[in-house]
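Asker: Dumping the structure here so I can ask a few things about it.
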Amino acid sequence: MKTNLPTTQSALVLDTKLDNWETSTGFRKVEIPVPAIDERQNPQDVLSVLIEIRYAGVCGTDRGIWKRSVFQELIFSSLEAEKKTTRIMGHEFMGEVIEAGSQVKNIYGISEGDNVSGDSHVTCGKCFYCRVGEEEVCQDQRILGVSTDGVFAKYIKIPAKNLWQVDVNRIRPEICAILDPFGNAVHACSKVELGGRRIAVLGCGPIGMFTILLANAFGAAKVIAVDTNEANLAMAKKLGAHATFLLSAPAQVSADPELVEEIHKLTYGKGVDVTFEMAGPNSSINNALAVTRSGGDVMLFGLRDGDFVIPSFNKVIVRGLNLHGVIGRQIFQTWQTSQRMLSNEANGIQEKIWDIILKGGEDIVVPLQSYTKELFEKKMEEHPKIILQM
Ligand SMILES: [Zn+2]
Ligand SMILES: [Zn+2]
């Protein structure tokens, strides 16, 4: 047991007792106990680690919870099962292992002092999917910062099986903290061949932007970026999009005829070979189906609750479209690919993420001590990606 740790610490939480889901927004900064490895009390701690977090990425999921638009069911039901009302937010992290359970070194080769990031999905390891190596669709998983406590605190305890060791000499620590969302893009880009193909990215948030970088590195012949936000498109262009299209306010359901026409123009009447749907609204799904050529691939990543309408669904079959749902990352195959793509200086991906998406760290790194709801909200509005520093 570490004796030099404080007993309490600040954390950003959602408190379901104090914050009414329907009427509140934001996270609370509260004092919580510093967790401890206690193998006598919790036998599973033999395989847990205590991490001192250095940086934590703020994700679209966190923004969604901030606005109370996603994961209500999962947060409430998991808290109820744990008989408590506060959930520590956040799931993208980089830090140092400061204490490891007695079996962590034996089983995972991870030791105190190691720098780590890790997957946000805590999978069961026992179900059919885990056993056949498809942990991303584990049927008994918890998500950090959603259905189990997350990483928006200086000291966190998590299962060592989720960790991925990082070398901060190869990948800067702020970028190690966003390996999890970068991995979403790597996973999406690994599902089908992109070399020599024309692609469209619908939704240029951070994961859409990572997709543009990766598609170019994987040899895409043309990358078309689509978004409703002009600043995001300017950034997409700097990252290597060959063409951009500014969508007007998305229609409720149907595809946007101007977008469809423009993409057909850019692809000599065919439509793109591969579309990455990374926005989520119903209309964006219909845009994705309409701009993809017959026989092409549609990667579905944007996530929204509720029922969707797909007009003339028969066309999906008649046109031979291939639909792929992309969830999480392949553990740890995706992590290996992510590390290699970021370590390769020749492709410029790491440099562009740092210089363009993370603006060289300027203004996008928020120390936890200076957190206020107003400041955080302002930063999230101003930048596609912000990072908490503990
Ligand atoms: Zn995330
Ligand atoms: Zn499982």
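Quick note: the coordinates plus some simple rules give every number you see, no bench work behind them. Keep in mind that what you see is a predicted model, and the values were worked out from it rather than measured. Here the Cβ is made from the backbone with ideal geometry for all residues, glycine too, and neighbour counts use every protein chain on show.
Asker: Run through all the Cα pairs of the stretch 1-140 and give the fraction in each 5 Å bin from 0, expressed as whole percent.
Answerer: Here the calculated profile for the stretch 1-140 is 2, 8, 13, 18, 21, 19, 12, 6, 1, 0.
Asker: Under a GNM of the chain (C-alpha, springs under 10 Å), which listed residue has the highest mean-square fluctuation: L300, L246, L233?
Answerer: Top of the fluctuation ranking is L246.
Asker: May I ask you to compute the full-extension gain from I310 to K83, defined as 0.36 nm times their residue separation minus their alpha-carbon distance, rounded to one decimal in nm?
Answerer: Between I310 and K83, full extension yields 77.7 nm more.
Asker: Let me know the longest stretch in the chain that avoids all chymotrypsin sites (Phe, Trp or Tyr not before Pro) found in a DSSP loop with at most 15 other C-beta atoms within 10 Å.
Answerer: 22-267
Asker: Next up: Kindly provide the GluC sites (Glu not before Pro) of the stretch 1-60 that DSSP labels as loop, not H, G, I, E or B, and whose Cβ sees at most 16 other Cβ atoms within 10 Å. Write out the running numbers ahead of the final one.
Answerer: Details: sites: E22, E31, E39, E52; in loops: E22, E39.
Qualifying residues, ordered by number: E22, E39.
Asker: When only C-alpha pairs under 8 Å and at least 6 residues apart count, what is the relative contact order of the stretch 192-325, in percent?
Answerer: Once normalised by length, the contact order is 22 percent.
Asker: What is the spread of the Cα atoms of the stretch 192-325 along each of their three principal axes, largest first, in whole Å?
Answerer: Cα spread of the stretch 192-325 along its principal axes, largest to smallest: 36, 28, 26 Å.
Asker: Distance in nm between label sites at A231 and S248, each 7 Å beyond Cα in the beta-carbon direction?
Answerer: 2.4 nm
Asker: Relative to the longest principal Cα axis of the chain, at what angle does helix 72-82 sit, 0 to 90 degrees, rounded to 10?
Answerer: Its long axis makes an angle of about 20 degrees.
Asker: Rounded to the nearest 0.05, what FRET efficiency is calculated for E39 and S69 with R0 set to 51 Å and r the Cβ-Cβ distance? Before the final figure, lay out the partial values.
Answerer: On the way: r = 40 Å, r/R0 = 0.78.
About 0.80, to the nearest 0.05.
Asker: Moving to a separate point now. Have a look at G118, T25, P367 and report the one farthest towards the positive end of the charge dipole of the chain, computed about the Cα centre with Cβ charges (Lys/Arg +1, Asp/Glu -1).
Answerer: G118
Asker: Report, largest value first, the span of the C-alpha coordinates of the chain along each principal axis, in whole Å.
Answerer: Computed over the chain, the largest-to-smallest principal extents equal 68, 46, 45 Å.
Asker: For the stretch 48-144, which trypsin sites (Lys or Arg not before Pro) pass both filters: DSSP loop (anything but H, G, I, E, B) and at most 15 other C-beta atoms within 10 Å?
Answerer: The qualifying sites are K67, K83, K84, K126.
Asker: Multiplying the sequence separation of V192 and E258 by 0.36 nm and subtracting their Cα-Cα distance, what value in nm do you get?
Answerer: Using 0.36 nm per residue and subtracting the Cα-Cα distance, I get 21.0 nm.
Asker: Among N287, H383, V168, pick out the residue whose Cα is farthest towards the positive end of the charge dipole of the chain, where Lys and Arg carry +1 and Asp and Glu carry -1 on C-beta, about the Cα centre.
Answerer: Highest projection toward the positive end goes to N287.
Asker: Please get the size of the charge dipole for the chain, origin at its Cα centre, with Cβ charges of +1 on Lys and Arg and -1 on Asp and Glu, quoted in debye to the nearest 20.
Answerer: In total the dipole reaches around 480 debye.
Asker: With only alpha-carbon atoms in the gyration tensor, what are the semi-axes of the equivalent ellipsoid for the stretch 79-164, in Å, largest first? Each step should come with its number before you reach the end.
Answerer: Details: eigenvalues 84, 75, 25 Å².
Square roots of five times the eigenvalues give 20, 19, 11 Å.
Asker: Using only C-alpha atoms and all pairs of different ones, pull out the Kirkwood radius for the stretch 50-129 in Å with one decimal. All intermediate terms of the calculation are to be shown ahead of the outcome.
Answerer: Numbers: mean 1/r = 0.0665 Å⁻¹.
Its Kirkwood hydrodynamic radius stands at 15.0 Å.
Asker: A follow-up question, please. Principal axis extents for the stretch 119-229, Cα atoms only, whole Å, descending order, please.
Answerer: 43, 35, 31
Asker: While we're here: Per the Kirkwood definition applied to all pairs of different Cα atoms, how many angstroms is the hydrodynamic radius of the stretch 34-84? Walk me through the numbers on the way to the answer.
Answerer: Working: mean 1/r = 0.0722 Å⁻¹.
So the Kirkwood estimate lands at 13.9 Å.
Asker: Using alpha-carbon pairs under 8 Å, 6+ residues apart, how would you state the relative contact order of the stretch 40-180 in percent?
Answerer: 35 percent
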